[in-house]
Each structure stands twice: as C-alpha cells, then as structure tokens.
Amino acid sequence: MREVIGLAEKQQQIDVEEAFGSFLREFSEPDAKDPQKNVEKYRDLVRSVVANKSKSLVVEFKDLVAFDRSLASVITSEYDAHAEELDAAATNLLAVESPDYASALRTLKVRFKDLPEKTPMRRLRSDVLGKLVEFKGVVVRASRVSPYVQKAVYQCMSCGTTVEITEGRRMRPPAVCPNPSCPSHQTGITRFRFLLKESVLVDRQRIRVQEEQEEVPPGQLPTYVDVELFDDVVDVARPGDRVDIVGVLEGEPSPTDPQDRILDTYFVANYIEVVDKGFEEVQITDEDVKRIKELAALPDIKERILSSIAPQIYGLGYVKEAIALSMFGSQPVYAPDGTRIRGDIHILLIGDPGVGKSQLLQFAAKLAPRGIYTSGKGSSAAGLTAAVVKDQKGEFMLEAGAMVLADGGIACLDEVDKMDENDRVAIHQAMEQQVTSIAKAGIVASLNTRASVIAAANPKLGRYMDDRTVGDNVNLPVTILSRFDLIYIIKDKPDSLTDKMLSDHILKVHMVTEQKPAIAPQLLRKYISYARRYVAPTLSEEAANALQEFFLKMRERSVSSDSPVAITPRQLEGLIRLTKAEARLRLRDVATVEDAQEAINLTKMYLSQVGIDPETGMPDIGPVTTGMTHTQQNRASLFLKTLEEMLDQSKGEDVDLEKFKEELAEKGMGEAEFERLYRSFLRDGEIFEPSPGKVNYVGRRKKYERRSMGGEVQAAEACRYGRSGRDSQAPSDVC
Ligand code: ADP
Ligand code: MG
C-alpha cells in the first residue's frame, strides 16, 4: 500500500468521476461458471441494483486496485474530497441501465468492501482524517434508527426564495436571504421556514464499536469508536456482532466552541459487514491442523489438556475437567418443529473464598475463543444481558452485556450471586432459550446469548455449610441453579497432607520463572476452536445405553415409593451434552461408552455434593429443581395439613398459634423448623395472622368460599405443597 500512496502523490490530477466511470463500465473478470468467458462485473451489479431496488453499489476494493492502482490510491487517501464524484459515476451508469430508477433514486451510493489494509482501532487518529479506512471490532451499543435530514430546504418567509443546506452536521437556516432583492435586506428581519417535503431524509443510526479482546494491549482497557450509519447500512449489525467497517473519520469544529483547535471527530461508515459468528476468528493454518490431529491421537490427550488448564492451580481435577468440557461444548439439537435443545454446557462453582475460583474463570475466559470475564454486576450498565442506556449525547442506545458479547463463546461470570436483580430474571432465559429480549425507550430487540456459562459464587454465610442445601448456602434462585449441568462445591478444609502438596505447588509456581504447560495456550485455543468448528459427535448405541441405565437406576427408587427424586430429565440432557463434549475433546465423531462413563462420573460427583438431602444423606435433586428437599417438602405439607385439620375441627374459626405449634411438636417438628416454615408461609401469603396469636390458611378460606358457592372442590388444591415440584409419578402419601 505504501508504494500505491507514493504513486498517488505524483498523479493527483486524474479526473476521478471519469476514471471511476471507466472502471465500472470496463472492469471484467472470468466467469465463475465458464472461465473461458468474461463477465462485466459492475455492469451486472448495476443491473441487479435495479432488480433488487437497492440504494448502493458495493465495490470490492481489490478489483479497483487491479484495474487502476493510482485511482485506488486517490480514493483511499482523498476519499472525502471525491465521494460525490464516485456516486455521480455510479449514478450515470445506473441511468444508462434504467433511467426511471436512476431518477427516482437520485444518487446511487458507492460502497467499498475489503480494503487492502486494515487499521487497528487505536490508530484511527488525525493522520487518517478524511481518508478511507477499514477497521474491525465488536458492536457494543446501537441507537435506534431515526430519520436524518441529509438535505435541508429552507424558504425565506419574505420573498419565497429556497435555500438548500447539505454541509455540516448541524442544521441551521442561513443568516441572510441570498436573494439580493429580498425585502428582508431592508427590514433587517430574516425568517426562514423548514420545508420537510422538499428536504431529503435518510435513515440514520449510531453504533459504538469496541476493540476486540485479542487486540487490546496487555494491561489496557479496550478503546471504542462511535460510528454514524446512514441509509441502507443502518440496522445491519446488532450489539454483540463482530463487524468490519469501512469509512472515514471526519473532523469539524466543535459546535459549542467553534474556535477550539480541537476538532470534534466522528466516524461515518461507508460499508459495514457482520463477520461470521462463533469461533471463526481464530486463524488455523494447515500446519496447525496437522499438530492438532497429532495431539488428538495421543492416548493421554485428555490429561494433557487438563494439565494445561490453569496449571498454577493445584488439584481440582474434576473442576478443570468440567471447565474443559464447557469450553468444548456440544452441538445443539433441533427438533422437527424447530425447537432447539441447547448444546452449551453450563458449570457453576460454589466455593469458600480463596480456593481459586476467580483464577480458574479468568484463565478460561482468556483461553476460550470469544471468552468474556465479568465479575458481579459487570463493568457496564448492561450487566449480563442487555440494557437501554442514555449516552453523553442524550441518545438512547441498546447496550450489549457480557452474555451477548460472549455469544458463540464462553461467558465466565464470577460472583454471580452478587448480580443485579434484573439480570437474575434475564439470565435464566439467556441460559436456556439463549436469547435475551428487551423493550425499553422505543428500542425493541432480542439478542443472541448462545454462550456457555462458567459461573462462580461464594456461599452467603462466608463458608459452605454441609448441613444446609445448596439453595440455602448460596444466594441464587432455583430457576438459575437448575440451568447448570454441573455444580461443584469447593471447600477450603485444612488437611495436613493436601495442604503440604498445595503449598509445595504454590511455592513452586512462584520459584520457577517460566513454566511450560503440556500444551501452549495458543495451540490449545486453536485445538478447542477446531473441535467446536469441525467435530459434531453423535452418541453410539452403547453410550446411549449406558446413560439410560444410569438414569433408570437413579430413578428406580422413587418410582413406587414415597422417596426423594434423585435425578430428573434435565440431568439426563446434561449427561448427553457432557458425553458428546468428552468425545469432542478427543476429536472423535462418535461418543463411546467410555465417554459416557466419564460424564457419569462427573455427574455422580455433582449429585453427591449437591443432589443430596443434608438431613438424611439420601440422594435428592430437590434442592436444585424445586429448592426443597423431600424431607422439607414433607414437613411443609405436614404443616399445612395440620393447620387444615385444626381449621376443620374449629369449622373455619381462626386457630390458636400456640396450640398449632404444640400439635406440630407432637408430630415431631422442632421449634426452629416450625419458625422457618411459619415465616416463609406468612411471607408467601399462604397463611395469615387475622389477629395476634391466631392463624388461618388462605387456601382453606378459598375452599370454604367456593363450597358456599356450590362448586365442587378439588381436594388437590390443599395438597399443592405436597406435590409441587415433585414428578407426577411419585405420589405423595400426604394427599
Ligand atoms: P476465589 O475466587 O475462589 O475466592 P482466587 O481465585 O482469588 O479465589 O484465589 C486466591 C489466590 O489463591 C489466588 O492467587 C490463587 O492462585 C491461590 N490459590 C487458591 N487455590 C489454589 C490452588 N488450589 N492452587 C494454587 N493456588 C491457589
Ligand atoms: Mg473470587
């Protein structure tokens, strides 16, 4: 490109409109279908402009370079000065093809794609002002589309002369009427009226494009550019999209302080293209593919991968395996009706402070292609999903949050228990349906959040308490807990043997300056990217059987008796995803029974830590699916049933609280448990205190009311608590 610019300086005198017109008319290339024949590429494109009623002509810049290098360099270096000539040349050609469409359209806009040189976002500075440049980034905000006055027409109210204003960003009527014989020159009163019908309006949108994580120099924050989009390039990209943008950096005196030497700059896009989603950004060469396949063929490839994940963290093998599987993920499955079952694997780590959770998450975000790390409320107003924010210029913008930015990759959400209330509602939709929708301030959008989530949370009481369920330990609702495929508890328990090894490991990390993991992070990143792109394992018959056998065995106990449910179909789906990810990790197209066994082991580990009733030690998935263990549920229904019986005896008269407590104590309910249930039912509005020391049951009262209206009452109503969240085939003895 340097050489081209050099040439340009010598040949500045070319007539751009004329030269560009020749290019459009004469450029030809071999036909893709019949290489013997040549096609006139841009004449054909102009014809399709007419057919498609498009408003612009997209020129591949390499064609221009091939046709006329000096013209190409004039266009890049002095784009601003020649933009109108380019459009005029294209419009002339359009007029030849279709005079009607040309006159209706007025101007056919020329847009350029794929410049020979890309400019890093950090280099968009004064030396590129007015030049055509290309850069890439992530759209983080987008305003809505509004009409923009491209040509303002004003009419003098004294003499009727009209004036057209196209220059500048601000719309201002002239100070004096250009008509020399206008009476306003005598009176000194000049007034103009804005003519909407005569003016030219186009769509306009503003977006904010942020530097991609990979481009940010270490230790610095990403920069951003605000980009103005006009006409047919509005609404092309949405927040979260990776884009390539061609355009010009414009500068003009500040409207508030025109004498300021510092210009107001803004970027006007000439062309915008959404880059393919997902893991495509990672460049993989043929050489890389060879190395990746060699690695995959090694018998100990899994051990190598696991030992390359956060090598500075000692132990936690199963956690690292879970993280690895989440990074590899599995393919989504589509039902015939188009419904999608997610393939992404969500992982939650709950752990005492200082056990290495944040380190693991930060590592994963750095390693995974399109990985995003965010902690607590996140750094932007958009939080985890999306928000409508008002920017400095007072314009409402839709802003993408962490899950949207991680679309197609991994969202590492540290301290999820501290997230915003709004995010809580949105995040489970994001995790399961994998879209997030927003409607606010006139902006309505739904954005994709097809990201795997690796989340970490701290126990709400500082340390994890074994005698409580997971829901009572961590500040997360069941709706979110139930979306994770694996949940692991990491406890910081002093133990002389492991402490010795842990401290040895940490000290070694700090003594050796350079450590070499089994697989270098750059290569592992490519490996993961390759696997996600090209490997879509299916379950072998044996693998499917193994999973089914495990599922049925876990369910067996709850089928006929009143015992807790150990596992639900959700976990089975999780098992399938994990099994496929195990195969993907080895670049295998078919998941074997060994893969299934490893997925089962990880799931057993999860169930033994979380899917258990802390009071009885029995397997019980209730804490994750309903927020209550079977024991707690039985107690809750005993509570309501007893209250109901007492109300029956008293014919609906309010029950004495002390008597009620005694009655339950006789049935074996402890004081603390009674208080807990009492408070929670009171809070939920299930029971109420008609007067101090008295209690009544809302459901009960409804029953009486309905009965008095002559309707049949379903006994089930009162037994809601006995059943809620339990699977239908497990009848409760209470009802
Ligand atoms: P958390 O997020 O769980 O509170 P951090 O990830 O911030 O904990 O870890 C605190 C520090 O302790 C980190 O510097 C980490 O490297 C170190 N650390 C914690 N657990 C381990 C471990 N198992 N092996 C090595 N270092 C560890
Ligand atoms: Mg932490």
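If you line up the long axis of helix 421-432 against the longest principal axis of the chain, both from Cα atoms, how many degrees apart are they, to the nearest 10?
Rounded to the nearest ten degrees, it is 90.
What lysines could a cross-link reach from residue 553, if we take a straight Cα to Cα line under 18 Å and drop same-chain neighbours fewer than 8 places away?
604
If the cut-off is a Cα-Cα distance under 25 Å, which lysines reach residue 641, setting aside same-chain residues fewer than 8 apart in sequence?
Of all the lysines, those that pass the test against residue 641 - Cα under 25 Å, at least 8 places apart if same chain - are 651, 659, 661, 667, 694, 702, 703.
For helix 357-367, report the angle its Cα long axis makes with the longest principal axis of the Cα atoms of the chain; keep it between 0 and 90° and round to the nearest 10°.
40
From the convex hull of the Cα coordinates of the stretch 31-171, what is the mean projected area in square nanometres? Intermediate results must be reported in sequence, preceding the final value.
Numbers: hull surface 52.3 nm².
Value for the stretch 31-171: 13.1 nm².
Can you work out the FRET efficiency for the pair residue 492 and residue 298, with r the C-beta to C-beta distance and R0 = 35 Å, to the nearest 0.05?
That pair, residue 492 with residue 298, gives E of 0.55.
Starting from the amide H of residue 464, placed 1.01 Å from N in the peptide plane, find each other amide H under 5 Å away whose residue is 5 or more places distant or on another chain.
Under 5 Å from the amide H of residue 464 lie the amide H atoms of 352, each far enough along the sequence or on another chain.
Multiply the residue separation of residue 671 and residue 122 by 0.36 nm, subtract the distance between their alpha-carbon atoms, and state the gained length in nm to one decimal.
191.1 nm is the gain from fully extending residue 671 to residue 122.
Residues with amide H under 5 Å of residue 119's amide H, sequence separation 5 or more or different chain, H placed in the peptide plane at 1.01 Å from N; which?
Answer set, sorted by chain and number: 134, 135.
Could you pull out every residue, at least 5 positions away or on a different chain, whose amide H is within less than 5 Å of the one on residue 150? Hs are placed 1.01 Å off N in the peptide plane, and Pro or chain starts have none.
The list, which skips near neighbours in sequence, is 200, 201, 202.
Taking a threshold of 22 Å on the Cα-Cα distance, which of the pairs 62/131; 151/197; 290/366 fall above it?
Those over the limit are 290/366.
Please sort by residue number the trypsin sites (Lys or Arg not before Pro) in the stretch 19-99 whose DSSP state is loop and whose Cβ has at most 14 other Cβ atoms within 10 Å.
Loop-located and lightly packed - 33, 37, 53.
So what's the back-of-envelope 222 nm ellipticity for the chain, counting only DSSP H runs of four-plus at -39500 (n - 2.57) apiece and dividing by all residues, rounded to 500?
So the helix-based figure for the chain works out to -12000 deg cm²/dmol.
Quick one: net charge around residue 416, please, counting Lys, Arg +1 and Asp, Glu -1 for every other residue with C-beta under 10 Å from its C-beta.
Numbers: positive: 418, 424; negative: 414, 415, 417, 423.
Net local charge, residue 416 excluded: -2.
Could you tally the net charge around residue 359, taking each other residue with its Cβ under 13 Å from the Cβ of residue 359, Lys/Arg +1 and Asp/Glu -1?
Numbers: positive: 320, 357, 366; negative: 414.
Combined, the nearby Lys, Arg, Asp and Glu give +2.
Going by average Cβ neighbours within 10 Å, how do the peptides 496-504, 112-120 rank, with the highest at the top? Mind dumping the intermediate values first?
On the way: 496-504: 10.6, 112-120: 16.1.
Ranking, from highest mean packing down: 112-120, 496-504.
Kindly report the accessible area of the chain per residue (heavy atoms of protein chains, probe 1.4 Å, no ligands, DNA or RNA), in Å². Please report the intermediate quantities before stating the final value.
Values: 36590 Å² over 735 residues.
Roughly 50 Å² per residue, with all protein chains present.
Expressed as an acute angle from 0 to 90° and rounded to the nearest 10, what is the orientation of the C-alpha long axis of helix 657-666 relative to the principal long axis of the chain?
On a 0 to 90 degree scale, this one is about 70.
Take every Cα-Cα distance within the stretch 523-597, group them into 5 Å bins from 0 onward, and report for each bin the whole-number percent of pairs it holds.
3, 17, 22, 17, 14, 10, 7, 4, 3, 1, 0
If we count every other residue with Cβ under 15 angstrom of residue 676's Cβ, Lys/Arg +1 and Asp/Glu -1, where does the sum land?
Charge balance in the 15 Å sphere: -3.
Report the GluC sites (Glu not before Pro) located in the stretch 511-620 that are in a DSSP loop and have at most 11 other Cβ atoms inside 10 Å of their Cβ, or state none.
Of the GluC sites (Glu not before Pro), the ones in loops of the stretch 511-620 whose Cβ has at most 11 other Cβ atoms within 10 Å are 514.
How would you order 448-460, 180-192 from highest to lowest mean count of nearby Cβ atoms within 10 Å?
Numbers: 448-460: 24.5, 180-192: 12.3.
So the order, starting with the most tightly packed, is 448-460, 180-192.
Put a dot 7 Å past each Cα toward the Cβ at residue 389 and residue 190; how far apart are the dots in nm?
Placing both labels 7 Å along Cα→Cβ, they lie 4.2 nm apart.
Would you please give the FRET efficiency between residue 197 and residue 544, computed as 1/(1 + (r/R0)^6) with r the Cβ-Cβ distance and R0 = 56 Å, to the nearest 0.05? Please report the intermediate quantities before stating the final value.
Working: r = 68 Å, r/R0 = 1.22.
Plugging the Cβ-Cβ distance into 1/(1 + (r/R0)^6) gives 0.25.
Considering the Cα positions of the chain, please state its Rg to one decimal place and its Dmax as a whole number of Å.
Over the chain's Cα set, Rg and Dmax evaluate to 33.6, 106 Å.
With only alpha-carbon atoms in the gyration tensor, what are the semi-axes of the equivalent ellipsoid for the stretch 286-535, in Å, largest first? Walk me through the numbers before you get to the answer.
Values: eigenvalues 196, 121, 61 Å².
One finds semi-axes of 31, 25, 18 Å for the stretch 286-535.
How large is the Kirkwood hydrodynamic radius of the stretch 2-113, counting all unique pairs of alpha carbons, in Å?
Details: mean 1/r = 0.0689 Å⁻¹.
About 14.5 Å, per the Kirkwood formula over Cα pairs.
Using all Cα-Cα distances in the stretch 387-506, what percent lands in each 10 angstrom bin from 0 up to the longest?
Over the stretch 387-506, the share of Cα pairs per 10 Å bin runs 11, 34, 27, 17, 7, 3, 0 percent.
Using the alpha carbons of the stretch 589-683, what is the convex hull volume per residue in cubic angstrom, as a whole number? Intermediate values should be presented prior to the final figure.
Details: hull volume 13.1 nm³, N = 95.
Output value, Cα hull per residue: 138 Å³.
Quantify, in whole percent, the carbon and sulfur part of the accessible surface of the stretch 286-535 (1.4 Å probe; protein heavy atoms only).
Carbon and sulfur: 54 percent of the exposed surface of the stretch 286-535.
Each label point is 7 Å from the Cα along the Cα-to-Cβ direction; what then is the distance between the points at residue 14 and residue 172, in nm?
According to this spin-label approximation, the distance is 3.8 nm.
The values are calculated or read from the model by the stated rules, or taken from the named source; none is laboratory data. Computed from a predicted structure; not experimentally measured. Using ideal geometry, Cβ is built from the backbone for each residue, glycine included, and neighbour counts are taken over all protein chains shown. Side chains are part of the model used for accessible areas, which takes the heavy atoms of the whole protein and leaves out ligands, DNA and RNA. Shrake-Rupley method; radii C 1.70, N 1.55, O 1.52, S 1.80 Å.
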